[in-house]
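For reference, the structure discussed in these notes is given below.
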Amino acid sequence: MPYHDMGDHASVPVVRVFGDSAALSRGGCPAHRRIRADLSTGGNDDGRPPLCDTPLAPLNAVLDLVEHGGWTVGDACAHLPVPGGRPRDVLGESVAPPHAGLLSWVRHASRCYLDALARDDGRDGLHRAPAFDFWVRQYVPGPASPHSRPYELCVRGRGYTYVEGADRVRELRVPVMGVAGARERPRAEVAVAAYVLATGTRVDRDAYAERPSRYLRGVPYPMRGRSDGAASRPPDRVRVVEVSCLDSSTAVLHDGSASGAEESFAAAGREGLRSALVGGARSPGRDCLACAARSGCGRLPRVPGLLGLADGSRPRRSWSVSVGLRHRGCPARAHFHSLGLAADPRGTPASACDRAVRAWLERLHTRLPRRPCAPEDLPGEPASWSAGGRRLEGGQARRGAAMIAAHVGVCPLRGLVSGSHVRVGHTLAADDTRANVLVLARAEVLHHRGRSWVHRTVTTDAGALDGTEDDLLEHDPRLALAVGFLASGALSRGPESAVELEVLTPGGASVRSLDPGSARVRAGARRVVRGLAEPWHGDLSHPPRPGEACRDCPYRRWCPAADGSGDDAPRQSVGSSSEGHR
């Protein structure tokens, strides 16, 4: 049952799990789900980034000031800390300074969110009262187990209450970066959110705001008692709604009785949470960035000097070749991409074709049982087909289909013996402890040749066909980082290991190979990786760099260097949705 007075258990670190843990994300680490819920493990003090790296934190701060403080959106945005300044506390939540482009997005996003709320109220003839306190489902250890851990089940989003007819309703509105409903949320996640609304108790947010750090370190949330009026009474009905911060669209994820929410949780949510709390195998990847147990993890390779940098004083971040290339083009554009800001999806035909071709091949390579690509695997209609969410038509479609046909003859799965180790679309991770950076690399196909790993990357850029090995490494730095992983032992190297680049053109395919055991190749790879990583590593302000990158920049509407303000740009349904965080 929910409780208010923890008694002896107030000194026992709580296990605090959020509803989004009920379903493991692709590439996620099962062990990390358990580790991040167990606040007794503490955390890693890696230093705060000088600029906010979680867009929904300043958005929620602005909405809190508007809904609970009566501020205007403009005044609330002006209250946020400025770049170069210190983080600012807003109702118990610490907010780091946002980049000027992120602030532009926050202005737009907060107005979109509030517009959607006003529109729904007007349509339904209702008044949704913002809930200052958020709801948490707490479980107190029973008297038979005085040393058991307390548990808290939480959700991310913004709460509201209202009365409709005879029903007392609790509603969770979840801000998303793109169009509401564009991404299907796991059923388990929605079931947990509805359950917390139906059965949760209000956190005493005033008490929380007095000493937030103690609760973030594992002290159970302070709860309001049952005698705090109608607001503490359980609801008759609960709703979970996505709200777009881009175009004010909404999508209802759950709407039903409180008892129905409990039944849905029992059917779809409980087992996912059990799995999250049990944990599982450790799987290195993006979760290693902030994992409290990474220092003792035997699965995450430690490769001091992988990036060729010796400065570990910077806040911990993650880096990949794509991050480095974006930063080379424009630091602000790279930062906006890392924040997940809504982007205009209209890319150049060449990039759309390249991504569609690679997505088509990945789908073929992940089939079970494993088998090489064959002529019958080509698009049925060469002039119109789609893959990876990208549709090609006409000449671009025929060009892409011809590239897929060319791949058939050089497919890396051709000739592999039964039972060979194959990983498709696999994320490699290594901890460069000297630079304090988690280094990530995506292998399109990893497979064994004998007992040696072979790393295959695909490109549709015919420019990679020419030049020396050094030219090849410069042309496609993904190869340089792959060499670094094999040369350092982050990916075990054998006598037949190779880093391959498959170059696809409508007229045919070619595979170029690099030997990670060659001293000359390793030296060239180190030079390329350091040259790409060093400018990014030293940059903590992410200034815009007007120039060539502006021509196809999908984030122009947020950029402070662009003409006009992203805040005044016309609303349009672009981008992809991203999960909301309180």
R545: over 21 Å from R478 (Cβ atoms), at pLDDT below 95 and either in contact with a Gly (Cβ under 6 Å, 6 or more places away or on another chain) or not assigned by TED's automatic domain parsing to the domain that holds R390 (or both), yes or no?
no
If you go through region 406-435 one residue at a time, how many are under 24 Å from A290 (Cβ atoms) and either touching an Asp or Glu at 6+ places or on another chain (Cβ under 7 Å) or assigned to a helix (DSSP H, G or I) (or both)?
2
Test: D311 is within 22 Å of V528 (Cβ to Cβ) and among the acidic types (D, E):
yes
Being assigned to a helix (DSSP H, G or I) and either surrounded by fewer than 22 Cβ atoms within 10 Å (Cβ to Cβ) or acidic (D, E) (or both) is the filter here; which residues of region 538-558 pass it?
G538, E548, A549, C550, R551, D552, R556
Could you list all residues from region 501-536 that are surrounded by fewer than 21 Cβ atoms within 10 Å (Cβ to Cβ) and outside any helix (DSSP H, G or I)?
T505, P506, G507, G508, A509, S510, V511, R512, S513, D515, G517, S518
Within region 92-102, tally of residues that are within 20 Å of the chain's Cα centre (by Cα) and either surrounded by 24 or more Cβ atoms within 10 Å (Cβ to Cβ) or more than 28 Å from E210 (Cβ to Cβ) (or both):
4
Filter region 225-250 for residues that are touching a Ser or Thr at 6+ places or on another chain (Cβ under 6 Å) and modelled with pLDDT of 90 or more; which is nearest to W558 (Cα to Cα)?
D247
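Quick grid of which residues meet (1) closer than 21 Å to D354 by Cβ; (2) at pLDDT below 95; (3) under 27 Å from the mean Cα position of the chain (by Cα):
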{"site": "H448", "(1), (2), (3)": "no, yes, no"}
{"site": "E474", "(1), (2), (3)": "yes, no, no"}
{"site": "R478", "(1), (2), (3)": "yes, no, yes"}
{"site": "G484", "(1), (2), (3)": "no, no, yes"}
{"site": "A490", "(1), (2), (3)": "no, no, yes"}
{"site": "R520", "(1), (2), (3)": "no, no, no"}
{"site": "A523", "(1), (2), (3)": "no, no, no"}
Among the strands (runs of 3 or more DSSP E) contained in region 10-104, which hold 1 or more residues that are among the hydroxyl-bearing types (S, T, Y), under 22 Å from R317 (Cβ atoms) and outside the structural domain of T427 (by TED's automatic domain parsing)?
93-95
Any residue that is out of contact with any Lys or Arg (no Cβ under 6 Å at 6 or more places or on another chain) and under 26 Å from A374 (Cβ atoms) - is there at least one of those in region 465-482?
yes
I'd like to check something: does region 143-155 contain any residue that is touching a residue at least 12 places away in the same chain (Cβ under 8 Å) and of a type in the set (D, E, K, R)?
yes
Single match in P186, P130, P175 (criterion: in contact (Cβ under 8 Å) with a residue 60 or more places away in the chain and under 21 Å from S264 (Cα atoms))
P186
Which one is surrounded by the fewest Cβ atoms within 10 Å (Cβ to Cβ) among residues in region 32-79 that are touching a Pro at 6+ places or on another chain (Cβ under 7 Å) and modelled with pLDDT of 95 or more?
H68
Scanning region 163-212 residue by residue, the ones that are of a type in the set (K, R) and over 17 Å from R16 (Cβ atoms) total 6
Can you work out which of the residues in region 169-193 that are small (G, A, S) and out of contact with any Ser or Thr (no Cβ under 6 Å at 6 or more places or on another chain) is nearest to L24 (Cα to Cα)?
A188
Determine if region 449-463 includes at least one residue that is under 23 Å from H365 (Cα atoms), buried (at least 21 other Cβ atoms within 10 Å of the Cβ), in contact with a helix residue (DSSP H, G or I) (Cβ under 6 Å, 6 or more places away or on another chain) and of a type outside the set (S, T, N, Q).
yes
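Let's see how each residue does on (1) touching a helix residue (DSSP H, G or I) at 6+ places or on another chain (Cβ under 9 Å); (2) not in a loop (DSSP other than H, G, I, E, B):
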{"position": "G380", "(1), (2)": "no, no"}
{"position": "R391", "(1), (2)": "yes, yes"}
{"position": "R398", "(1), (2)": "no, yes"}
{"position": "A401", "(1), (2)": "yes, yes"}
{"position": "I404", "(1), (2)": "yes, yes"}
{"position": "V439", "(1), (2)": "yes, yes"}
{"position": "A443", "(1), (2)": "yes, yes"}
{"position": "H447", "(1), (2)": "no, yes"}
Counting just the residues of region 328-370 that are polar (S, T, N, Q) and at pLDDT 95 or above, which one comes out farthest from H542 (Cα to Cα)?
T366
Scope region 429-451; condition more than 26 Å from P535 (Cβ to Cβ) and in contact with a Leu (Cβ under 9 Å, 6 or more places away or on another chain); matching residues
E444, V445, L446, H447, H448, R449
Counting only residues that are without any contact (Cβ under 8 Å) to a residue 60 or more places away in the chain, assigned by TED's automatic domain parsing to the domain that holds T201 and surrounded by fewer than 22 Cβ atoms within 10 Å (Cβ to Cβ), give me the strands (runs of 3 or more DSSP E) lying completely in region 235-319 with at least 3 of them.
250-257
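The values are calculated or read from the model by the stated rules, or taken from the named source; none is laboratory data. Computed from a predicted model, the values in this text were never measured in an experiment. Heads up, the Cβs are rebuilt from the backbone with ideal geometry, glycines too, and the neighbour counts pull from every protein chain shown.
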